[in-house]
Structure formats: structure tokens, C-alpha cells
Amino acid sequence: MKALELKVPPLLLIIVVAALMYGCTILFPAVRFGWVPHWIRILLLAVGILLPLLGWVEFRKAKTTIDPRVPDKSSTLVTSGIYRWTRNPMYLGFLVILFAWGLSLHNMAALLGLPLYMFYMNLFQIKPEERQLENHFGDTYREYKKRVGRWW
């Protein structure tokens, strides 16, 4: 399992999960749900795009790496801006985008992609990142973890 840690770029994972969600609509066409107002899906998509952008802005301000595959190259522990409310605004934003996509598919089975994404991210991306950040920033990061939730 360690072979997958920090290997798959999160954007690639989103594409794979989105494709699996679409595949669920073909495999399980009978589990459709009713229409969801277009404005709700658009709002979710906007929030899903905004969260990673806010995270990116904070990383740029701190002049630290944004590449999630190399957290040990972080020069600064970013705790400002959106990072006051979530330790992973980029991953949370991607989850919200997948939720908007799932609602657009009108299929309950497609929404199973959401816990799949969270499971994979927690196991193979976030926990390995956290280990490296703890090694790099020590008690400062441990205190930050106590104050701010992993997802929300």
C-alpha cells in the first residue's frame, strides 16, 4: 500500500473518480434521483473552484511548494487565510467539485465516488503528507492539527 503514497497527483485522481462516477450511471441506471436546481450545482462548482484557489494564493504568499507529492519541500507551514478553517482546502474543493458532478449525473450510485475519493485521499495523500509535515515542523504542526480539522 505504501507504493501508492504521494504518487497519484490529486488532479489525476479527480479525473479517475469522475469517470468512475459516470460509469456508475451506466451500470446502475435505475438509481436515479430527481432534478437538482441548476443554480445549486453552479454554486457548488464555484465553491469547489474557489477553495483550491484560496489555498493556492496562500501558498504563493508564503513562497512554498504547492506540489502535494513533495510535502517535505515545504519551506513554510501555511496557517493563514483559508487554512484557518481547513488543513486541506484544495482537496476539499476537489470534493465539492465531485459532489457538483455527482448531482449533475442524477444518480445515487455515482455519489459513491465521494467517499471513495475521501478514503483514497486520507490514506494515500493526506496522512503521508501529515507525517512529513510533523517531521518537518514538529510541535508547530501538531498544534495546528489540534486547532484545524483535516477536511472542515
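Can you find even one residue in the stretch 20-43 that is within 15 Å of the chain's Cα centre (by Cα) and either within 30 Å of G138 (Cα to Cα) or modelled with pLDDT of 95 or more (or both)? Spell out how you get there, then give the answer.
Residues of the stretch 20-43 within 15 Å of the chain's Cα centre (by Cα): none.
Checked against the condition, which is being within 15 Å of the chain's Cα centre (by Cα) and either within 30 Å of G138 (Cα to Cα) or modelled with pLDDT of 95 or more (or both), the stretch 20-43 yields no hits at all.
For the stretch 33-52, the set of residues classified as surrounded by 14 or more Cβ atoms within 10 Å (Cβ to Cβ) and not in a loop (DSSP other than H, G, I, E, B) consists of R41, L44, L45, V47, G48, I49, L50, L51, P52, listed by residue number.
Residues that are closer than 30 Å to A3 by Cβ, basic (K, R) and assigned to a helix (DSSP H, G or I): does the stretch 75-94 have at least one? Scanning the stretch 75-94 turns up no residue that is closer than 30 Å to A3 by Cβ, basic (K, R) and assigned to a helix (DSSP H, G or I).
Restrict the check to the stretch 133-140 and report whether at least one residue is without any contact (Cβ under 8 Å) to a residue 24 or more places away in the chain, in contact with a helix residue (DSSP H, G or I) (Cβ under 7 Å, 6 or more places away or on another chain), surrounded by fewer than 21 Cβ atoms within 10 Å (Cβ to Cβ) and not aliphatic (A, V, I, L, M). Yes, the stretch 133-140 contains at least one residue that is without any contact (Cβ under 8 Å) to a residue 24 or more places away in the chain, in contact with a helix residue (DSSP H, G or I) (Cβ under 7 Å, 6 or more places away or on another chain), surrounded by fewer than 21 Cβ atoms within 10 Å (Cβ to Cβ) and not aliphatic (A, V, I, L, M). Among residues belonging to the stretch 54-74 that are part of a helix (DSSP H, G or I) and in contact (Cβ under 8 Å) with a residue 24 or more places away in the chain, point out the one that is surrounded by the most Cβ atoms within 10 Å (Cβ to Cβ). If we take residues in the stretch 54-74 being part of a helix (DSSP H, G or I) and in contact (Cβ under 8 Å) with a residue 24 or more places away in the chain, then G55 is surrounded by the most Cβ atoms within 10 Å (Cβ to Cβ). Taken together, L4, L27 contain a single residue that is touching a helix residue (DSSP H, G or I) at 6+ places or on another chain (Cβ under 8 Å), under 14 Å from Q125 (Cα atoms), among the aliphatic types (A, V, I, L, M) and surrounded by fewer than 15 Cβ atoms within 10 Å (Cβ to Cβ), which is L4.
The values are calculated or read from the model by the stated rules, or taken from the named source; none is laboratory data. Since we're looking at a predicted model, the values are computed, not measured. Counting neighbours? That spans all protein chains shown, and the Cβs are built from the backbone with ideal geometry, glycine included.
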